[in-house]
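Written below as structure tokens is the structure these notes are about.
The values are calculated or read from the model by the stated rules, or taken from the named source; none is laboratory data. Keep in mind that what you see is a predicted model, and the values were worked out from it rather than measured. As a convention, Cβ positions derive from the backbone with ideal geometry for all residues, glycine included, and neighbour counts pool all protein chains shown. Just the protein is used for accessible areas: all its heavy atoms, side chains included, with ligands, DNA and RNA removed. Shrake-Rupley method; radii C 1.70, N 1.55, O 1.52, S 1.80 Å.
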Amino acid sequence: TVKITKPALNLREELASLRNQGSAYEESKFYIGNLVTNGTFDSDTAWTKETGWTISGGTASIDGSQTDYVSIYQDTLSLDQTKTYVITFDVTQTAGTLFIRFGSRNSSGNLTIISASGSYTLTSVPLGGGLDTIQFLVNSAFAGTVDNVSVHEVAPNLVTNGTFDSDSGWTKGTGWSISNGKASCDGTQ
């Protein structure tokens, strides 16, 4: 019998060590399940398509022969205006401009403009009344595709002042102090 033991990895300590060394690292946020149905366009379902849009071959596409501001959308997301969401999608664009509306299809103030092919990640709070829609609108010149659409609620950070930016949010026992972005103990506990 072979027994291999390793010390437990404390991720919080490892990240703090990297931060203190000036190393490059990325702290990711956790996301709650995708609110979009059929965001990969595997079938011609769950999306409302206005004139010119088609779903086929795993993408939603439009060819540039449409009128201005026709859209493809889902309006069953049940969004909350007090929460933040991450929206991701891929665009291939050969001409024209694509607009993203998040929240309400009737709110003119919440448009994001896309004018190049690429993979996009947007962070947004939904705007307008109704708060239920992800909508892709195009101008009359747009030709291209949309694929891999997802909308995830950003999970709230449950720790208050986890970066120790101030001396608040924590109860400190004997010997503990918070300063310069760190919590430390002097050994007198």
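Results for (1) farther than 13 Å from residue 132 by Cβ; (2) of a type in the set (Gly, Ala, Ser); (3) in contact with a strand residue (DSSP E or B) (Cβ under 7 Å, 6 or more places away or on another chain), shown as yes or no for each residue.
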| site | (1), (2), (3) |
| --- | --- |
| 34 | yes, no, yes |
| 39 | yes, yes, yes |
| 50 | yes, no, yes |
| 64 | yes, yes, yes |
| 73 | no, no, yes |
| 78 | no, yes, no |
| 82 | yes, no, no |
| 85 | no, no, yes |
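So if I check each of 113, 100, 87, 72, which one is without any contact (Cβ under 8 Å) to a residue 24 or more places away in the chain and out of contact with any helix residue (DSSP H, G or I) (no Cβ under 6 Å at 6 or more places or on another chain)? Of 113, 100, 87, 72, the one residue that is without any contact (Cβ under 8 Å) to a residue 24 or more places away in the chain and out of contact with any helix residue (DSSP H, G or I) (no Cβ under 6 Å at 6 or more places or on another chain) is 113. Which residues, taken from the range 164-189, are part of a loop (DSSP other than H, G, I, E, B), open to solvent by 50 Å² or more (accessible area, probe 1.4 Å) and among the aromatic types (Phe, Trp, Tyr)? Across the range 164-189, the qualifying residue is only 170.
Against the definition (modelled with pLDDT under 90, over 20 Å from the mean Cα position of the chain (by Cα) and open to solvent by 50 Å² or more (accessible area, probe 1.4 Å)), how does residue 105 come out, yes or no?
On the way: modelled with pLDDT under 90: yes; over 20 Å from the mean Cα position of the chain (by Cα): no; open to solvent by 50 Å² or more (accessible area, probe 1.4 Å): yes.
Answer is no for this residue.
Can you name the residue in the range 46-69 that is aliphatic (A, V, I, L, M) and closer than 13 Å to residue 92 by Cα and is also nearest to the chain's Cα centre (by Cα) among such residues?
In the first step, residues of the range 46-69 are kept if they are aliphatic (A, V, I, L, M); the result is 46, 55, 60, 62.
Now narrow it down to the ones that are closer than 13 Å to residue 92 by Cα: 60, 62.
Numbers: 60: 20, 62: 25 Å.
That would be 60.
In this entry, residue 144 is excluded by the filter for residues that are assigned to a loop (DSSP other than H, G, I, E, B) and either among the charged types (D, E, K, R) or surrounded by 13 or more Cβ atoms within 10 Å (Cβ to Cβ) (or both).
Checking each residue in the range 70-87 for being within 21 Å of the chain's Cα centre (by Cα) and open to solvent by less than 40 Å² (accessible area, probe 1.4 Å) picks out 72, 73, 74, 77, 79, 85, 86, 87.
For residue 100, indicate whether it is surrounded by 13 or more Cβ atoms within 10 Å (Cβ to Cβ), at pLDDT below 95 and not in a loop (DSSP other than H, G, I, E, B). Answer is yes for this residue.
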